């Protein structure tokens, strides 16, 4: 079993649909769908950004987030709590990278792959609480991860920077298929090496 491929959508991206997420985005959240298509269609992996040293937020992730923030998306944390017999305990969710109108988007560019578990669990929880209708994952394709490792010298990076245990699609797919997001529909945009732009 595998996620339904939707590869003809945007040049340079491999796209995957889970639980009819595309239909929800396209017809119920058309403004958010348009934002996703337009921002990701315009995105390029520039050599300058790939060669830059990353801190808490690499230039690549920051550039994508900023493009969505300019369109009214926000970083969002939901303040949730569990109440039993009048005793309430706070149970805050993890911050969502970009959120608008019940659409939650997480960007995993080059993190350790367990971050996928956190993101999908967040989608599941917020879907069950009826505040998110669809989750979107923006990440790397496995072919891009392999390309980055093969070209680490050109990119002035240490080979370990793009290890197999970092975030890429082959690490994400089994987590989705295994129920990591619960009933939440998920759409995946996986960037490929075709997006590379040599701006030196």
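No lab work stands behind these numbers, since they all come straight from the coordinates. This structure is a prediction, so every number in the text was calculated from the model and none was measured. Neighbour counts run over all protein chains shown; Cβ positions are idealised from the backbone, glycine included.
Place a point 7 Å from the Cα of residue 48 along the Cα-to-Cβ direction; which residues of the range 177-200 have their backbone N under 12 Å from it?
198-200
Cα-Cα pairs above 16 Å in the range 38-100: how many percent? Before the final figure, lay out each step's value.
Details: 1188 of 1953 pairs.
The share of Cα pairs beyond 16 Å in the range 38-100 comes to 61 percent.
With springs only between Cα atoms under 10 Å apart, run a GNM on the chain and tell me which of 85, 170, 119 wobbles the most.
Sorting by GNM fluctuation, first place goes to 85.
Relative to the longest principal axis of the chain, what angle (0 to 90°, nearest 10) does the C-alpha long axis of helix 30-42 take?
20 degrees
Express as a percent, rounded to the nearest 5, the fraction of DSSP beta bridges in the chain (both residues included) that run antiparallel. Before the final figure, lay out each step's value.
Numbers: 18 of 32 bridges.
Counting DSSP beta bridges with both partners in the chain, the antiparallel share is about 55 percent.
Which one, 76, 171, 153, has the greatest fluctuation when you compute a Gaussian network model over the chain with C-alpha springs under 10 angstrom?
153
Quick one: the Cα spread of the range 1-109 along its three principal axes, in angstroms, biggest first?
Here the Cα extents, ordered largest to smallest, are 55, 36, 32 Å.
Residues of the range 28-42 with the amide nitrogen closer than 12 Å to a label point 7 Å from the Cα of residue 70, along Cα-to-Cβ, please.
Within reach of a label on residue 70, which here means backbone N under 12 Å from a point 7 Å along Cα→Cβ, the range 28-42 contributes 39-40, 42.
Return the single residue from 38, 108, 70 with maximal mean-square fluctuation; model: Gaussian network over the chain, springs between Cα atoms under 10 Å.
It is 70.
For the range 93-200, go through all pairs of different Cα atoms, get the mean of 1/r, take its inverse, and jot down that Kirkwood value in Å.
Details: mean 1/r = 0.0686 Å⁻¹.
Computed over Cα pairs of the range 93-200, the Kirkwood hydrodynamic radius comes out at 14.6 Å.
On a 0 to 90° scale, report how tilted helix 115-128 is relative to the longest principal axis of the chain, with both axes built from alpha carbons and the result rounded to the nearest 10.
30 degrees
Ignoring everything except DSSP H segments at least 4 long, calculate the 222 nm mean residue ellipticity for the chain; use -39,500 (n - 2.57) per segment, divide by total residues, nearest 500. Kindly include the intermediate steps, with their values, before the conclusion.
On the way: 7 runs with 68 residues, N = 200.
Mean residue ellipticity, 222 nm, calculated: -10000 deg cm²/dmol.
For residue 153 paired with residue 23, estimate the spin-label separation in nm (one decimal), with each label point 7 Å from Cα along the Cα-to-Cβ line.
5.1 nm
Starting from 0.36 nm per residue, how many nanometres of slack lie between residue 80 and residue 112 once their C-alpha separation is accounted for?
On the way: separation 32, 0.36 × 32 = 11.52 nm, distance 2.63 nm.
Between residue 80 and residue 112, full extension yields 8.9 nm more.
Whole-Å semi-axes of the range 4-197's equivalent ellipsoid, largest first, each the root of 5 times a Cα gyration tensor eigenvalue? Mind dumping the intermediate values first?
Details: eigenvalues 163, 71, 51 Å².
In descending order, the three semi-axes are 29, 19, 16 Å.
Once both axes come from the Cα atoms, what is the angle between helix 59-69 and the longest principal axis of the chain, in degrees from 0 to 90, rounded to 10?
Tilt relative to the chain: about 50 degrees.
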